[in-house]
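Computed from the coordinates by the stated procedures, all read-outs in this text should not be read as laboratory data. Predicted model only: the values in this text are computed from it and were never measured. Glycine gets a Cβ as well: all are built from the backbone with ideal geometry, and neighbour counts include every protein chain shown.
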């Protein structure tokens, strides 16, 4: 009963009134989740994160709902992934011995045409589809005439390094190097060693383990 009360308090919108054209779900399916409320209340419910609309989604009674009134939420956990709230946004938190990496997920889907029966891709515009995210990969959706809509995700993520209670943000190689004015050559060598692709979040996560100890 308490869980139902909190969910009613947190959301009054369903996907019936939700613009889905920018939806890019971070997980292929809704995951076991926990909403940690201010005041130590916990609500367990299936969760997902929409990296296109920047909102937390949950399922209730077979409906996909938008988590509202986020000021009442301290943090959430989706599967094993922790997201903290800063103001009205949620950031995925990756922890390291020297500090943390915060990911501001910002993804959109780009329609690149449709794929015909012989695998050719046309630039003709076609209808949008719901996507589950596998970052940077190509997606397709079957159509009755055997053509397939083809989409790719575009990554516009921002990243924050948290060390000694100080936040430093970057989104690409240039902005990252500015955070290390005294050892940019060393950072560039680490980037080369990792063969870091700055449009892949998993590459940033791996890179952070080596550069965070060098952050002033």
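Miscellaneous remarks
- Gain on full stretching of the segment that runs from residue 177 to residue 44 - 0.36 nm per residue minus C-alpha separation: 43.8 nm
- Taking each residue as 0.36 nm, the span from residue 169 to residue 37 lengthens on full extension beyond its C-alpha to C-alpha distance by 44.8 nm.
- Computed label-point distance, nm, for sites residue 214 and residue 200 using a 7 Å Cα→Cβ extension: 2.0 nm
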